[in-house]
Amino acid sequence: MISEIANRLRTNIQKVIVGKDEVIDQTLVAVLCEGHLLLEDVPGIGKTTLARALAASLGCTYRRIQFTPDLLPSDVTGLNWFNQKGQEFEYKPGPIMSQVVLADEINRATPRTQSALLEAMQERQVTIDGVTRPIPRPFIVLATQNPIELEGTFPLPEAQIDRFLMRIAIGYPTENEENAILERFRANDPLPALTAVTSPEEVLELQEFRRQVKVVEPVREYIVRVARATRNHPDIELGASPRGTLSLYQAAQAWAAIRGREYVIPDDVKQLAPSVLTHRLMVAPQAQLRGRRVEDMVTDIVDTVPVPVEN
């Protein structure tokens, strides 16, 4: 059931996004885990288009927040305002009270505004003036940040980065894909005509089905060993947290389900480990001086940790 609906979603999104099967599948993994996605890439690659196409395909409400240095926490969460006609305070919802939220250029906001997302991302609720309000489900934040522009940015704290299920890069299209983009957008933009192929209620059901994907004990132990290896690596100063271990476990379940399997295999873990773990790790200063990349370290760990084999 999950693979069938995933195929429908992938086909629908590819009416707008040319190619990028793996990126779309990783986005669907985030949906099945109700996790959040950090899209780190250069401008003009299609990050905003991907978020809008996903929301339209899911039939979910969608809001975009443009993060700037003068953005206030209340601009994200909403605020209480005094209604003079009714002589009482009323809550004006902020854009975070949507099912798919695009946090565009999230690292351009101040740390105070960035922290306004923490409660929403982790607990799926917002608290204003002592009153807690739940966010509509399913709820997913797609945040973008530009890796090359450093001026006027505020690096995300480790606590917030750890809330993201995965960090992925869309990457430049191939020559044939770029030619197809020109042809597809020659007459008009296909995004406004995109229709939903599922519903928020069905997405919640799929998330429950994802939890039933089997992870046998040897594979579960393999996931734990991979995560723990990041804490013992000599070139890594800060390893993956237990939340990172759980994220890798859940993401592997979703990847297996999208591939039409009811069980996780070690290759699922290997496939997703770079996207799930790299943004959670902090490279030691000596390794940075040697030009070591965190992506290479995760690859080394995946290649060296013994893989369970079937008896």
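No value in this document is a laboratory result; all are computed from the given coordinates. Quick caveat: nothing in here was measured; it's all calculated off a predicted structure. Because the Cβ atoms are built from the backbone with ideal geometry, glycine has one as well, and the counts that use them run over all protein chains shown.
In terms of packing, defined here as the mean over residues of other Cβ atoms within 10 angstrom, the peptides 111-119, 194-202, 285-293 line up highest first as 111-119, 194-202, 285-293. The eigenvalues of the Cα gyration tensor, multiplied by 5 and square-rooted, give the chain an equivalent ellipsoid with semi-axes of 31, 25, 22 Å from largest to smallest.
Highest mobility in the GNM of the chain, judged by mean-square fluctuation with C-alpha springs under 10 Å and restricted to L206, L54, L71, is found for L71. Looking at region 1-187, the DSSP beta bridges with both ends there are about 35 percent antiparallel.
Couplings for region 9-23, taken from phi via the Karplus curve 6.51 cos²θ - 1.76 cosθ + 1.60 with θ = phi - 60°, read 5, 4, 4, 5, 5, 6, 5, 10, 8, 7, x, 6, 4, 5, 5 Hz in order; Gly and Pro are left as x. In order along region 123-140, the Karplus-derived 3J(HN,Hα) couplings, from 6.51 cos²θ - 1.76 cosθ + 1.60 at θ = phi - 60°, round to 9, 6, 7, 10, 10, 10, 6, x, 10, 9, 10, x, 8, x, 9, x, 10, 9 Hz, and Gly and Pro are given as x.
The GNM of the chain, with springs linking C-alpha atoms under 10 angstrom apart, assigns the highest mean-square fluctuation among R184, R280, R225 to R184.
Computed about its Cα centre, the charge dipole of the chain is approximately 380 debye, with only Lys, Arg, Asp and Glu carrying charge at their Cβ. Whole Å is fine, so just give me how far the alpha carbon centre of region 289-311 lies from that of region 92-123. Region 289-311 and region 92-123 have Cα centres separated by 33 Å. Could you tally the net charge around V213, taking each other residue with its Cβ under 9 Å from the Cβ of V213, Lys/Arg +1 and Asp/Glu -1? Local net charge: +3.
Remark on V283: its backbone amide H falls under 5 Å from those of E237, a criterion applied only to residues 5 or more positions apart or on other chains, H modelled at 1.01 Å from N.
Estimated from helical segments only, the mean residue ellipticity of the chain at 222 nm is -14000 deg cm²/dmol, where each DSSP H run of four or more residues counts as -39500 (n - 2.57).
Here the relative contact order of the chain, from alpha carbon pairs under 8 Å that lie six or more residues apart, stands at 22 percent.
GNM on the chain, alpha-carbon springs under 10 angstrom: the most fluctuating residue among L165, L182, L277 is L182. One chain, two ends: M1 and R292. Fully extended at 0.36 nm per residue, the span grows by 100.6 nm beyond their Cα-Cα distance.
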